[in-house]
Amino acid sequence: MSGWVAVAGLGPGSAGLVTPDVAAALEEATDIVGYGPYVVRVAPRENLRLHASDNRVELERAALALSLAAEGRKVVVVSSGDPGVFAMAAALFEAWENGPSSWRELDIRVLPGITAMLAASARAGAPLGHDFCAINLSDNLKPWSLIERRLRLAAEADFAMAFYNPRSKARPHGFARVLEILREVCGPERPILFARAVFTPEEDLKIVRLADARPEMADMRTMVILGSSQTRLIMRDRGPILYTPRWSE
């Protein structure tokens, strides 16, 4: 087959954080497939087809990309951040595994990008400098009971934690419960970072005590990072630095 699929991460928002490999794939592509807000980040050009779709249709989007590649098209499936972190790479392989046997011979590549937790961490300092975990707080694809269990175990293990998809219009109450659990296990003084729209003109960073965190501080454009018991907040005139030492007691 002459077609191929590249699942590419566009990074957190700034064009400067798109990797050269991703930029090269976009230049070579005949088709761009993805969620609407991500597709519009790709500059249109002659003979480039844009296939934008709504949220929550990941498998249909993946099947479209694979079908186009089977026809000989050069397809880039775009995600924000990194496509392998709560994004389209897993959806594409799920559709590929359950699709026609002919798809098994397709050339499929995953091109990494800078994911939101790394971008947010860099803006604040280095809160993920020691052991950490990432938890998707959306219960669209897993039960809330599993989220709570993982949250408690991670807090008890004293990980720094990066939270994706903390609060949406359809899920306005879950993040309040998350904060309750974190206060219960971690105490009120733990620093927590709310990093919204990092590396875009709308960027906003807030670092507060867990006791002062409020659900409305987060939305779907916000990355939330909770420090471990070792995480330090250093105040300075140019803005605070949040970091977790490389060692642990």
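The values are calculated or read from the model by the stated rules, or taken from the named source; none is laboratory data. As the structure is a computational prediction, the values presented were derived from the model and not from experiment. Cβ sites come from the backbone with ideal geometry, for glycine too, and all protein chains shown count toward neighbours. The accessibility values were calculated without ligands, DNA or RNA, using every heavy atom of the protein model including side chains. Shrake-Rupley method; radii C 1.70, N 1.55, O 1.52, S 1.80 Å.
Can you compute the FRET efficiency between Asp107 and Ile234 using 1/(1 + (r/R0)^6), with r the Cβ-Cβ distance and R0 = 41 Å? Round to the nearest 0.05.
Working from the Cβ atoms, E equals 0.30.
Just tell me, in residue order, which DSSP H segments of the chain are both 27 angstrom or longer along the helix axis (alpha-carbon based) and at least 1.0 in mean Kyte-Doolittle hydropathy. Walk me through the numbers before you get to the answer.
Details: long enough: none.
Counting only whole DSSP H runs, no helix qualifies.
Under the rule of -39500 (n - 2.57) per DSSP H run of 4 or more residues, summed and divided by the residues of the chain, what mean residue ellipticity at 222 nm is obtained, to the nearest 500 deg cm²/dmol?
Working: 7 runs with 72 residues, N = 249.
Helices in the chain give a 222 nm mean residue ellipticity of -8500 deg cm²/dmol.
Could you estimate the translational diffusion coefficient of the stretch 162-249 from the Stokes-Einstein equation, with Rh from the Kirkwood formula over C-alpha pairs, at 25 °C and 0.890 mPa s, in whole µm²/s? The partial results should precede the final answer.
Numbers: Rh = 13.7 Å.
Rounded to a whole number, D works out at 179 µm²/s.
Could you work out what % of the accessible surface of the stretch 190-249 is carbon and sulfur, using a 1.4 angstrom probe and leaving DNA, RNA and ligands out of the count?
49 percent
So what's the net charge close to Ala126: Lys and Arg +1, Asp and Glu -1, counting the other residues with Cβ under 12 Å from its Cβ? The partial results should precede the final answer.
Values: positive: Arg123, Arg232, Arg246; negative: none.
Once all neighbours under 12 Å are counted, the net charge is +3.
Once amide H atoms are placed 1.01 Å from N in the peptide plane, what residues at a sequence separation of 5 or more from Ser53, or on another chain, have their amide H within under 5 Å of its amide H?
Those lying under 5 Å, H to H, from Ser53 are Gly34, Tyr35, Gly36.
Over the stretch 127-178, what percent of the accessible surface lies on carbon and sulfur atoms, probe 1.4 Å? Numbers along the way, then the final one.
Details: 1410 of 2610 Å².
Carbon and sulfur atoms account for 54 percent of the accessible area of the stretch 127-178.
Specify whether the C-alpha gyration tensor of the stretch 69-159 places it in the rounded, prolate or oblate class, a ≥ b ≥ c being the square roots of the eigenvalues: rounded for a/c under 1.5, otherwise prolate if a/b is larger than b/c and oblate if not.
Working: a/c = 3.31, a/b = 1.71, b/c = 1.94.
It comes out oblate by the Cα gyration axes.
Could you give me the radius of gyration and the Dmax of the stretch 117-216, taking only the C-alpha atoms into account and expressing both in angstrom?
My reading of the Cα-based Rg and Dmax gives 13.2, 37 Å.
Taking the Cα centre of each part, how many Å lie between the stretch 1-70 and the stretch 207-249?
Going from one Cα centre to the other spans 34 Å.
With N denoting the number of residues in the stretch 205-249, provide Rg(C-alpha) divided by 2.2 N^0.38 Å, to two decimal places. Let's see the in-between values first.
Details: Rg = 12.2 Å, N = 45, 2.2 N^0.38 = 9.3 Å.
Against the compact-globule rule of thumb, the ratio is 1.30.
Using the Cα gyration tensor of the stretch 1-148, with a ≥ b ≥ c the square roots of its eigenvalues, what is the shape: rounded (a/c below 1.5), prolate (a/b larger than b/c) or oblate (neither)? Could the numbers behind the result be given before it?
Details: a/c = 2.04, a/b = 1.35, b/c = 1.51.
Oblate, since a/c reaches 1.5 and b/c is not below a/b.
Excluding residues on the same chain fewer than 8 positions from Lys142, give the aspartates and glutamates whose Cα lies under 19 Å from its Cα.
Straight-distance partners of Lys142: Glu58, Glu94.
Here are a few candidate values for volume of the Cα convex hull per residue in Å³: [x] 118; [y] 110; [z] 138. Which one was actually calculated from the structure I just gave you?
[z]
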